[in-house]
Structures are given as structure tokens and as C-alpha cells.
Amino acid sequence: MRATRQKGQDDSEGDTRARYPTYTARMRVLLMRTCLSDAVAPSVWKATRRVLQRCGVEVTVPRSQTCCSQPAWTAGHPDQARAVARHTLKVFAGPEEVVVPSGSCAGMVVHAYPEMFKGEPEEEAALDLARRTIEFTQFLSKHGLDPGPGSSGPVTIHDSCHMLRVLDESASPREALEVAGCAVEEMEHTDRCCGFGGVFSITFPELSARLGEEKARAAVQSGAGEVTSCDLGCLMHIVGVAHRQGIPLRARHIAEVLDR
Amino acid sequence: MSTWRRRDAGGVAYSDVEGTLRERTIVALSDRTLRGNLDTAATSWGEGRDAMRRDHGLDEMRERAREIRRQNIRDLPALLSEMQAKVREAGGTVVRAADGAEACRYITGLARARGVRVVAKSKSMATEEIKLNEALEDAGLEVVETDLGEWILQLAEEHPSHIIAPAVHLNRSQVADLFREEAGTDDVPDDREGLVAHARVRLREKFAQAGMGVSGVNLGVASTGTVCIVENEGNARLVTSQPRIHVAVMGMERVVADWDQAAHILQVLPMAAIGQDAANYVNLITGPRREDEADGPEEFHLVIVDGGRGALRGTEFEEALSCIRCGACLYSCPMWRSVGGQAYGSPYSGPIGAVITPLLEGPASPASRDLPFMSSLCGACGEACPVGIPLQDLLVRARARASSPATRTSGLAFRAWSRLWRHPSTYRTWMAGWRLMLRARGKAGWASHLPGPGAGWTQVRDMPTRWPPRR
């Protein structure tokens, strides 16, 4: 917000600012693709870009970006994580808001970067990036953006843990789907962990899969047939478990649902 | 904040636990009865806690509880000195034990010196931590657990699965079977009241024989030297008043400054622990029986155990000392709900157990070094904690301190990962290679066998190679 306001203040048309306080037509953001999207589902970051562009946002996708470093951080290797995160700080330097189609990656930057860079030369830069970073649906909600109609649904929403408990957000994805005219069928225990947990999914696979199966069954029981979420990692896990176990469930990232 | 360093300490985790942590989760996951019992307990706790949030403002009380406990830990040395002085003033004896072994030596020595044969115990995590029962039994004493759940476990020869509700993993018919076996008769009722009545009769016989009562301590109040023991069954009242000697074992961090603070924490504790606004009994004990009093023990001994706690002050793990052992993080944890506390192999299970067991033992201890990794970092624990311990952050920090062959292997892997992923060109090359591999392995849109670390993924689930995934 701060960044876009600064953009606005640079603008000479003072009257327009009063009438359109968010300057949607001139808003410029940086998009963090996320490594999972790069690795498994480029369609997710591309859908995010399209939805933002439809809202009139100017989207820059820095080509040199890599990863927020969460895998190493949560695996207990902060030094290795910091080396990658330093690169991310450089890539996303600037006044713009950084939009992330992942509650987990956004949560990493917002919540963990300040701890990771405490006492380091990049501490200020880390705090600055933490302030400018925002999850995709939170961004839509914060600026009251309307991308127009998306899928009609129905979908069911899995509240990813980092979205829910690190970013303390459960309203913005629902709001975005409502604005897009997409029907939502809530599942039971939508706030319960699906068992993905990054490295946890491969260090304790059986436990992880058990929770994934429960989540997949709850999603199916909602009657929606398709599960969506702000986090691709959870979806890959839920739908991967479902496919292995023959549970009929489709999955798309929320950006894809909003896209069409 | 200084960095916490390893110490060599006696084991907190149980030494008789079999298999790796992951193997134990697999065994527990196959136990349907266990799963049902855990789910019933956790659901009932969740409903109670929701009511506390709604009707009593538990969320609002949490901020003050957090402040109180953080301040207590900062002031710990002074509070402990004050506590010690006040207990002595009231006629009690205070012993500061550097570790569990020292505490056990003192208590067994005391029992021997006083000619005690039977020791009655009320529920205490600190004594479970220092393995007091084993020490007393090795010294030839008979130990009787008088908390219903602990007695059930004693009969079952099992370890507790929850901080507050140790036998929560067992259901009524399993308990009835144990009682029948112990009593040597089938004449034990099946219903709840009948079972409790049966246990009461059996346990009362033991109280009469006990020469020493051992309790834990929920809170020590420094300003008056009072120990608070919260319970639901009345057995702790008997343990602390009936035998000639009362020994209270307290983890050194469990002290608050005054009654204003104690009142707040004592309100928060049952709300978080059992989802009720009060526990049935709150015992407040200041020293032994006085001359003008009819009840109470002749001797009161307070054993304050460090056991690795003091070394955590001033480190990135300091907030773990705020814990009031309510067990809320256990019930809220999807992992604990799935496998129960026994799989953790430590008296302290769930998220707080996964953090403090390796802290108290040292990060290289084979018995506990894997514990911090048994979490999806979902944050439900931190949300449930009534004193606001950021448990998911502590879990991440504990992972960074862990030391094992597995962490060394992953350290090497992440070193390579970090080299590749900090440069866009090598990152893009890696990604291109990965995507080629995915396509090759999953032509129909799904891969069922991936190499390397991916094998852990495809062991239990498929990997979509097209997105959105195909049906």
C-alpha cells in the first residue's frame, strides 16, 4: 500500500487521487512466481499475472528470481536459506508491492525474513521486503480489485496453515471467489492441516499422507468436486494422495479459478 | 540473545522405546482404536476451549498470561530465592537439584532415612521427567500412582500419552479390562462411575499405607512460598496431606511472583487444559502442618529441578520456559491427534515435547533429535498456547540445532541446493532438468516413482506432472 501511495504522490493529477484512492490503473507490482509453480505448475503464476492484469495492475515478473528459501529454513539450515534469501532480497528491491500466489511463501518473507536477517547487514532490506510482500488474494482484497468473472465453481477451499495462522487470513480468498461469482461449498475442518508441511511430507510420509487423505475426503464430501487453495504445495499433496488412493478430486490454485 | 549450547544430561526421553520415531508413527497410524480415542478426546477438548474463548475471553487473557510468564522467566533467579526463603520460613525444606539424578537421590535418601515403604504419588510431569518411580523402585520402595489416569498406566505398564490426560489414548472398555486383571476378578463394572468407584476403593487402601506423598507443582508463588497443585480427583489433596512426609517436585521455571499473577495463570490453566473455567481442586500448600492445624504432613520438602532449564534462559529458546504444561498444544496438533503421545517416546509429547525434550537432553541425543521434525509447522500449537509461546518458530529453531546423520545428510543436500538456487542461471537449469524428468516419469500426467528425495513423495502419493492435474 505504502508503495502504491508513493506512486500516487508522484502523480501530478491531485484530483484523481481523491476520487480513486488506490490508483488501480497505475498500480505496479512485482510478482514472485514461487519455486513450486516453476517446478510443477507454471500455469499458476501465469494465471496470477493475468488476473492482476485484468484488474489493471502492471505486473513485472523479475526474470532472475529463484526461491524464498523456505525449504532450507524449515529443514533447519538457516545459513543455506539465508544465502538464497539474500538473492531474493536483491531481486525484489524497490518500492513496489510484491505479490505472491502462496500464503506460505508470503508468510516466509513476512514472518521469517525478519528473524533470518536479524543482526545481518541486510536486516533493513529484509524488513522492507517483509512490509511490501503480500499474498495474492490479500492484495486483491486490500485494493478492492475486481478481475471480473472467473470459474462458476463450485469449489471448496482448503485454508492453508500459513495463510491462516502466519498471515492470519481466511477472508480474502473467499471474498475473491465471491467477487468472481464462483460458488463455494465449505468442507468440514477446512482450517485443519492437510499434512503437507514441506520437508515434513518426505520425512514422515505416512503421517503426512494420512492427514492428506482426511483432507481429500473432507473436500469430496463438501460436494464441490474441486478443491482450491492459496497454496500450491497443499494442493499438490492433497490431490497427489487422492490420486494414489483413487479418491476423485480435482484441484486448481485459486488464481486459476479466478482466471476462468 | 545468546545461542543455546548443548549440554550433556540424563535422558528425558524413555529408554525402553522401540524403533525410530517414523516407525513408531507408522505403528500408531495402524491402530484404529487409538485414533478413535484420540479424536474423541481432542474434539471434546476443542468444544470446551471454544466455549472458553466465547464465554470467558480466553484469547484476551492470553496476552497478560504471556507477559506474566515472560517476566517470571526474566526474574527467575530472584523469584526462586524468594520462594526458597518463604518455604523455609514456613517450616519447609528446599532442595535445588541440578538434574534429575540429584533430585532422585535426595528423595530416595529421604525415604530411606524416614523408613518409608510405600510412596503415594499424584500426577506430576516433573517426576516423570526425572524417572523418579524407577529410582524409588530401585531403592526397594513401593510406588503407587493415585491419579486415575496414571494408575491405569501403571497397571498397563505404559507411558503417558498426554501431559494432563495421561491415559487419554485408552477407552473405557480397555480400562475395565486392566482393572479386572489387577483385581483378579471379573467383578468390575463397565460404566464410568463404577470404574471410578472401583479405583477409589483400591487406591484408598494404598493411601493408608503411604509414608510419603510425592506431588508435582503447577505453580510456585514466590511471595508466600506456596505451591499450587491443580487437580480434578482429590487424590493430590490426599497425597499432600495424608502421609507423614510431602515431597513436591517442581521444574525450576514454574514460579510466579505473587498472588495477582498466580490468580491469572490459575484461571487460564484449566480453560486451556480441559476447556473448563475451573478445575475441581486447587490445593494451596505453604509448608508442613503448623502447630494449630489438624491436617497436613509433618514434613514438607520442595525439590526444585533445573534439569537443563536454566541454560535456556537468555537464548532463542527462552520462551519454552513459559510453558504451564496445560497440554493445549497437544490436543490442537494434527500430528499428536493422529499418533498420540506415546509415539514421541518422551513424557513431553506434542509440539512442546518436540521442542523441550531435545533441549533438555541435548540436540544430539538419539532418543529425541528427530522430534522437532515431526511437525508440518501448521501453527495450530502456537494458536492454542495460552501463554503465547511461538511453538512453530521454536520447532524451526530446534531443527537448526538438531544433530544426527539425517541432519548431516540434509545439510549436504541443502548446501548443494543453496549453491544452485542462489543464482538464476543455475536455478533455471535445475528447473529445466527437473521438468524434463517429471515429463519422462509421468507421461499420463502423473508420476508414481521419483528418484532421490522425490522418492519420499511418491512413496505415499503421486506427483502431478501436468497442472491442473489430470483426473
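Is the stretch B:267-274 home to any residue that is surrounded by fewer than 24 Cβ atoms within 10 Å (Cβ to Cβ), touching a strand residue (DSSP E or B) at 6+ places or on another chain (Cβ under 8 Å) and at pLDDT 95 or above?
Yes, that holds for at least one residue.
For the stretch B:335-364, how many residues are on the phi < 0 side of the Ramachandran plot and in a helix (DSSP H, G or I)? Before the answer, list the steps.
Step one: list which residues in the stretch B:335-364 are on the phi < 0 side of the Ramachandran plot, which gives B:335-339, B:341-344, B:346-349, B:351-361, B:363-364.
Now narrow it down to the ones that are in a helix (DSSP H, G or I): B:335-339, B:342-344, B:351-361.
The qualifying residues number 19.
Considering (1) on the phi > 0 side of the Ramachandran plot; (2) surrounded by fewer than 21 Cβ atoms within 10 Å (Cβ to Cβ), say which one B:Ser241 fails and leave the rest.
If we test B:Ser241 against (1) on the phi > 0 side of the Ramachandran plot; (2) surrounded by fewer than 21 Cβ atoms within 10 Å (Cβ to Cβ), just (1) comes out false.
How many residues does the stretch A:172-226 hold that are at positive phi and within 14 Å of another protein chain (Cβ to nearest Cβ)?
Taking the stretch A:172-226 as the starting set, the residues that turn out to be at positive phi are A:181, A:189, A:195, A:197-198, A:223, A:225.
Within this subset, residues satisfying the condition of being within 14 Å of another protein chain (Cβ to nearest Cβ) are A:189, A:195, A:197-198, A:225.
So the answer is 5.
Can you tell me which residues in the stretch A:227-260 are outside any loop (DSSP other than H, G, I, E, B), more than 15 Å from the chain's Cα centre (by Cα) and facing chain B (nearest Cβ under 10 Å)?
Within the stretch A:227-260, A:His237, A:Ile238, A:Val239, A:Gly240, A:Val241, A:Ala242, A:His243, A:Arg244, A:Gln245, A:Arg250, A:Ala251 qualify.
Every residue in the stretch B:378-405 that is in contact (Cβ under 8 Å) with a residue 12 or more places away in the chain and over 18 Å from the mean Cα position of the chain (by Cα), please.
Correct list: B:Cys378, B:Val396, B:Arg397, B:Arg399, B:Arg401, B:Ala402, B:Ser403, B:Ser404.
Keeping to the stretch B:370-385, report how many residues are assigned to a helix (DSSP H, G or I) and facing chain A (nearest Cβ under 8 Å).
Number of matching residues: 5.
Please note which helices (runs of 4 or more DSSP H) are completely contained in the stretch A:18-121 and include at least 3 residues that are within 10 Å of chain B (Cβ to nearest Cβ) and more than 30 Å from B:Met437 (Cβ to Cβ). Steps first, answer last, please.
On the way: elements: A:35-40, A:42-54, A:70-74, A:78-91, A:103-107, A:113-116.
Those helices (runs of 4 or more DSSP H) do not exist here; none qualify.
Output the strands (runs of 3 or more DSSP E) that fall wholly within the stretch B:196-262 and possess 3 or more residues being in contact with a Gly (Cβ under 9 Å, 6 or more places away or on another chain) and not small (Gly, Ala, Ser), or say none.
Details: elements: B:212-215, B:219-221, B:226-231, B:245-251.
Ranges flagged: B:226-231, B:245-251.
Can you tell me which of B:Thr108, B:Thr93 is buried (at least 19 other Cβ atoms within 10 Å of the Cβ), more than 25 Å from B:Gly327 (Cβ to Cβ), modelled with pLDDT of 95 or more and not hydrophobic (A, V, I, L, M, F, W, C)? Spell out how you get there, then give the answer.
Values: B:Thr93 fails: buried (at least 19 other Cβ atoms within 10 Å of the Cβ).
Within the list B:Thr108, B:Thr93, the selection yields B:Thr108.
Residue-wise test of (1) free of Cβ contacts under 8 Å to residues at least 60 places away in the same chain; (2) basic (Lys, Arg); (3) touching a strand residue (DSSP E or B) at 6+ places or on another chain (Cβ under 9 Å).
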{"site": "A:Val99", "(1), (2), (3)": "no, no, yes"}
{"site": "A:Ser102", "(1), (2), (3)": "no, no, yes"}
{"site": "A:Pro114", "(1), (2), (3)": "yes, no, no"}
{"site": "A:Ser160", "(1), (2), (3)": "no, no, yes"}
{"site": "A:Arg165", "(1), (2), (3)": "yes, yes, no"}
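Only one of B:Val230, B:Val255, B:Val268, B:Val247 is in contact with a His (Cβ under 9 Å, 6 or more places away or on another chain) and in contact (Cβ under 8 Å) with a residue 24 or more places away in the chain; which? Break it down stepwise before answering.
Details: B:Val230 fails: in contact with a His (Cβ under 9 Å, 6 or more places away or on another chain); B:Val255 fails: in contact with a His (Cβ under 9 Å, 6 or more places away or on another chain); B:Val268 fails: in contact with a His (Cβ under 9 Å, 6 or more places away or on another chain).
Of the residues listed, the single one that is in contact with a His (Cβ under 9 Å, 6 or more places away or on another chain) and in contact (Cβ under 8 Å) with a residue 24 or more places away in the chain is B:Val247.
Name the residues in the stretch B:426-443 that are surrounded by 13 or more Cβ atoms within 10 Å (Cβ to Cβ) and either of a type outside the set (Lys, Arg) or farther than 13 Å from A:Ala39 by Cβ (or both), would you?
B:Thr426, B:Tyr427, B:Trp430, B:Met431, B:Trp434, B:Met437, B:Leu438, B:Arg441, B:Gly442 - these are the residues of the stretch B:426-443 that are surrounded by 13 or more Cβ atoms within 10 Å (Cβ to Cβ) and either of a type outside the set (Lys, Arg) or farther than 13 Å from A:Ala39 by Cβ (or both).
Okay, residues lined up against (1) within 14 Å of B:Val12 (Cα to Cα); (2) buried (at least 24 other Cβ atoms within 10 Å of the Cβ):
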site: B:Gly327; (1), (2): no, yes
site: B:Gly353; (1), (2): yes, yes
site: B:Thr357; (1), (2): yes, yes
site: B:Gly362; (1), (2): yes, no
site: B:Pro366; (1), (2): yes, no
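Need a quick list: helices (runs of 4 or more DSSP H) entirely within the stretch B:386-471 having at least 1 residues that are farther than 22 Å from A:Phe204 by Cβ and either in contact with a strand residue (DSSP E or B) (Cβ under 7 Å, 6 or more places away or on another chain) or more than 10 Å from every other protein chain (Cβ to nearest Cβ) (or both).
Working: elements: B:391-401, B:405-421, B:424-441, B:454-458.
In the stretch B:386-471, the matching helices (runs of 4 or more DSSP H) lie at B:424-441.
The values are calculated or read from the model by the stated rules, or taken from the named source; none is laboratory data. Here the structure is a predicted model, which means the values were calculated and not measured. Methodologically, a virtual Cβ is constructed for each residue, glycine included, from the backbone with ideal geometry; neighbour enumeration extends over all protein chains shown.
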